[in-house]
Amino acid sequence: MSNQQTFVIVGASLAGAKAAETLRNEGFGGRVVLVGAENDRPYERPPLSKDYLRGEADRDTIYVHEAGFYAEQDIELRLGRTAVELDTSAQEVALDDGERLRYDRLLLATGAEPRRLSSPGSDLSGIHYLRSVDDADSLRERLDQGGSAVVIGAGWIGAEVAASARQRGLDVTVVEPASVPLERVLGSEVGAIYRDVHSDHGVQLLLGTGVEAFEGDGSVERVRTTDGRTVDCDLVVVGVGVQPRTQLAEQGGLAIDNGILVDEHLQSGRPEIFAAGDVANAQHAFYGERVRVEHWDNAINQAPVAARSMLGQSAIHDHVPYFFSDQYDVGMEYSGYPRLWDRVVFRGDPATREFIAFWMQGDHVVAGMNVNVWDVSDPIRDIITQRVAVSDERLADSDVPLADLVAEKERTAS
Ligand SMILES: Cc1cc2nc3c(=O)[nH]c(=O)nc-3n(C[C@H](O)[C@H](O)[C@H](O)COP(=O)(O)OP(=O)(O)OC[C@H]3O[C@@H](n4cnc5c(N)ncnc54)[C@H](O)[C@@H]3O)c2cc1C
């Protein structure tokens, strides 16, 4: 790859920063320009709903790289700058300050942004969304004042914010249209475990209902729910999911469908343009279909694949989705991407909050979640990717090491 070439990365967050790092690690000697709309150098978002939000971690702990890394690696950082135009014929990206960057390869790592509510009263002050470190700072300041919080949405962000707000001593009410928290991913049986975790910590859960309106005089004072209840509050946090930031790609004429469509090399229909992270709806070599996920681990794993593909190497995206969540003293890791399952098998008693749950289809594990049990995500992933056939009894039996199930399959296969 010529040293005269310019690789531009739009999106200076986890995926963008890791891709830039990989380009240099792979020996790319050309120009690397990393453009980011935020003023901070790339940082990690998971702490923003956890220890950082609770004031237990400082800002300098969240960055992806040390401050000097980009200069040392000769990566040109353009922070506080938004790419506003993509001209695929000229192979140019225009920034909001008028600079035009010509690229030989372009990586779009523009991530995702929170879905906004449009219910009456949505523009009152005191209604928070959480995506950036600035959002976290303003919410953290508000939590410092105490009072009552209503969290709209019991997905991962909502559930973690509810936990952090309770840990900071606020009264917390969660409003969620589904019947249990986290139902979309975990299903009703495992979601009920998280419902109990939150109610044990004093969170009031209003399930099966949504927001009718926010009310207040200038700032939010109460939430009216669709089933006719009224909850007084001092602040609201909305966590109702995110949508991929595809505006730039759309404007450049790339194919979009729930994210930027890319193949298993993370390459778009334009051979010089790639996408990675939350914004990429990528063909997945293991699942044989397009998958878009919004996980920290996905950004970390897709970035090197995209960077190597940009360099013309044969890199494939086949990493099974993985994410983690911490709520109170309940830590978990989840691997898999099941469309369907027919039952859940538990290893350990969920009531103890130290267990593994396996989502099963027939005699195969399609997802696994370890809760307060550690160092098992590798064998769980291997059981999934090697399509190990296993009985419910053996899965549930803590005396059978998970690694043995994989080893047995490997022995019978050889
Ligand atoms: C509060 C919070 C907690 C989370 N906790 C977890 C967790 O516990 N576990 C987990 O697995 N995942 C978690 N996640 C998800 C994880 O952080 C994301 O999957 C990850 O940040 C995705 O990285 P990304 O680089 O693809 O996109 P993003 O982090 O969204 O970054 C995209 C960047 O691109 C910039 N950008 C967009 N458009 C332009 C443009 N036109 N020009 C210039 N710059 C642009 C944006 O400003 C942004 O900085 C959490 C997310 C949040 C918000």
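So that you can scan it fast, the table gives a plain yes or no per residue for (1) open to solvent by 60 Å² or more (accessible area, probe 1.4 Å); (2) of a type in the set (Asp, Glu); (3) assigned to a loop (DSSP other than H, G, I, E, B):
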| site | (1), (2), (3) |
| --- | --- |
| Pro181 | no, no, yes |
| Arg184 | yes, no, no |
| Gly187 | no, no, no |
| His198 | no, no, no |
| Gly202 | no, no, yes |
| Leu206 | no, no, no |
| Phe214 | no, no, no |
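Let's see how each residue does on (1) among the aliphatic types (A, V, I, L, M); (2) out of contact with any strand residue (DSSP E or B) (no Cβ under 7 Å at 6 or more places or on another chain); (3) closer than 20 Å to His317 by Cβ:
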residue: Pro350; (1), (2), (3): no, yes, no
residue: Glu354; (1), (2), (3): no, no, no
residue: Met360; (1), (2), (3): yes, no, no
residue: Ser391; (1), (2), (3): no, yes, no
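Results for (1) part of a loop (DSSP other than H, G, I, E, B); (2) over 29 Å from the mean Cα position of the chain (by Cα); (3) at pLDDT 95 or above; (4) surrounded by 12 or more Cβ atoms within 10 Å (Cβ to Cβ), shown as yes or no for each residue.
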{"residue": "Ala357", "(1), (2), (3), (4)": "no, no, yes, yes"}
{"residue": "Met360", "(1), (2), (3), (4)": "no, no, yes, yes"}
{"residue": "Gly368", "(1), (2), (3), (4)": "no, no, yes, yes"}
{"residue": "Trp374", "(1), (2), (3), (4)": "yes, no, yes, no"}
{"residue": "Asp378", "(1), (2), (3), (4)": "no, no, yes, yes"}
{"residue": "Arg381", "(1), (2), (3), (4)": "no, no, yes, yes"}
{"residue": "Ile384", "(1), (2), (3), (4)": "no, no, yes, yes"}
{"residue": "Arg394", "(1), (2), (3), (4)": "no, yes, yes, yes"}
{"residue": "Ala407", "(1), (2), (3), (4)": "no, yes, no, yes"}
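Output the residues belonging to region 36-52 that are more than 8 Å from the ligand (Cβ to nearest atom) and assigned to a loop (DSSP other than H, G, I, E, B). Break it down into steps so the answer makes sense when it comes.
Step one: of region 36-52, the residues more than 8 Å from the ligand (Cβ to nearest atom) are 39-41, 43, 51-52.
Selection gives Asn39, Asp40, Arg41, Asp51, Tyr52.
Restricting the search to region 81-117, which residues are open to solvent by 30 Å² or more (accessible area, probe 1.4 Å), touching a residue at least 24 places away in the same chain (Cβ under 8 Å) and not β-branched (Val, Ile, Thr)?
If the condition is that a residue be open to solvent by 30 Å² or more (accessible area, probe 1.4 Å), touching a residue at least 24 places away in the same chain (Cβ under 8 Å) and not β-branched (Val, Ile, Thr), then Arg81, Glu85, Asp87, Gln91, Arg102, Asp104, Arg105, Glu113, Arg115, Arg116, Leu117 are the ones that fit.
Name the single residue, out of those in region 162-179 being part of a helix (DSSP H, G or I) and of a type outside the set (Gly, Ala, Ser), that is least open to solvent (accessible area, probe 1.4 Å). Write out each step before concluding.
Within region 162-179, the subset part of a helix (DSSP H, G or I) is 162-167.
Add one more test, that the residue is of a type outside the set (Gly, Ala, Ser), and what stays is 166-167.
Values: Arg166: 66, Gln167: 88 Å².
The extreme case among them is Arg166.
Among strands (runs of 3 or more DSSP E) lying entirely in region 99-145, which contain 2 or more residues that are within 13 Å of the ligand (Cβ to nearest atom)?
Numbers: elements: 100-102, 105-108, 112-114.
In region 99-145, 105-108, 112-114 are the strands (runs of 3 or more DSSP E) which contain 2 or more residues that are within 13 Å of the ligand (Cβ to nearest atom).
Name the residue that is nearest to the ligand (Cβ to nearest atom), counting only residues in region 256-287 that are surrounded by 18 or more Cβ atoms within 10 Å (Cβ to Cβ) and at positive phi.
Gly277
Kindly indicate the residue of region 11-35 that is under 24 Å from Arg59 (Cβ atoms) and over 18 Å from the mean Cα position of the chain (by Cα) and also nearest to the ligand (Cβ to nearest atom) among those meeting that condition. Spell out how you get there, then give the answer.
Quick first cut of region 11-35, residues under 24 Å from Arg59 (Cβ atoms) only: 11-21, 34-35.
This time we only want the ones that are over 18 Å from the mean Cα position of the chain (by Cα), so: 20-21, 34-35.
Numbers: Ala20: 11, Glu21: 13, Leu34: 9, Val35: 5 Å.
Restricting to residues being under 24 Å from Arg59 (Cβ atoms) and over 18 Å from the mean Cα position of the chain (by Cα), the top hit is Val35.
So, in region 53-80, exactly how many residues are away from the ligand (no atom under 14 Å from the Cβ), surrounded by fewer than 18 Cβ atoms within 10 Å (Cβ to Cβ) and over 22 Å from the mean Cα position of the chain (by Cα)?
Quick first cut of region 53-80, residues away from the ligand (no atom under 14 Å from the Cβ) only: 55-56, 58-61, 66-75.
If we keep only those that are surrounded by fewer than 18 Cβ atoms within 10 Å (Cβ to Cβ) as well, we get 55-56, 58-61, 66-68, 71-74.
Those still in the list that are over 22 Å from the mean Cα position of the chain (by Cα) too: 66-68, 71-74.
Selection size over region 53-80: 7.
Considering only residues that are among the hydrophobic types (A, V, I, L, M, F, W, C) and open to solvent by 30 Å² or more (accessible area, probe 1.4 Å), which ones fall in region 296-317?
First, pick out the residues of region 296-317 that are among the hydrophobic types (A, V, I, L, M, F, W, C): 296, 299-300, 303, 305-307, 310-311, 315-316.
Matches in region 296-317: Trp296, Ile300, Ile316.
The values are calculated or read from the model by the stated rules, or taken from the named source; none is laboratory data. Here the structure is a predicted model, which is why all the values come from computation and not from measurement. All Cβ positions, even for glycine, are placed from backbone atoms using ideal geometry, and neighbour counts span all protein chains on display. Side chains are part of the model used for accessible areas, which takes the heavy atoms of the whole protein and leaves out ligands, DNA and RNA. Shrake-Rupley method; radii C 1.70, N 1.55, O 1.52, S 1.80 Å.
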